[in-house]
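Step one of this worksheet: look at the structure below.
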Amino acid sequence: MGTNQAATAADRRSDRTGDRDLDTTTVTVRCTGHVRTAVGTHELEFTFEGDRLRDFLEDFFEEYDLEDMLIAETEADATHSGWAPVPDDLPGTWRKNPEGDQTRPYARVCINGRFNEHCGGFEAELTDDDRVALIYPFMFCC
C-alpha cells in the first residue's frame, strides 16, 4: 500500500470512529461463491481496527477489492428487478438495513450464522472469534 493510500485509509478510519479509542478485533471470515474465488480461500482469520461490522468491512475491502461485488450504494442497487411486489401488511417482523448499508441482490453478510440486519446491520458489534460470512453464490440459469 502506497503512502497516499495509507494516509487515505487512516483518514477514513478516523472519520468513521470519531473519538472512539480503537482496539483490534480478529474474526474468522468464511467466503462462498464469487467471494471465495476472488479471495482465493474459503476461510481466513482477519484482524481489523474497531469492533463493528462496518469497521471490518472497510478494512477488509481495503485489502480485498470486493465492495462493488457485495455492497449496494442505493435501494435500486439492492433490489433485483425480478422480485415480486411487497405486500403492505407483512407477517412477522421484517428488518431491512437502511439505504447505503445494504448488500446487492443475492449477496449476504452474516455474523455467527445470522443475517447482519438481524444483528444491528453494519453497526453490529463484533468480538474476537466471531464468524463473518461473505456470501455471493454462483448462480446459473438453464
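Bear in mind that the values in this text are calculations on the coordinates, not laboratory data. Bear in mind the structure is a predicted one, so any value in this text is a computation, not a measurement. So basically every Cβ, Gly included, is an ideal-geometry build from the backbone, and we count neighbours across all protein chains shown.
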- request: With r as the distance between the Cβ atoms of Asp88 and Asp68 and R0 = 25 Å, compute the FRET efficiency 1/(1 + (r/R0)^6) and round to 0.05.
  value: 0.15
query: Hey, any idea what the orientation-averaged projected area of the convex hull of region 17-67's Cα atoms comes to, in nm²?
result: 3.5
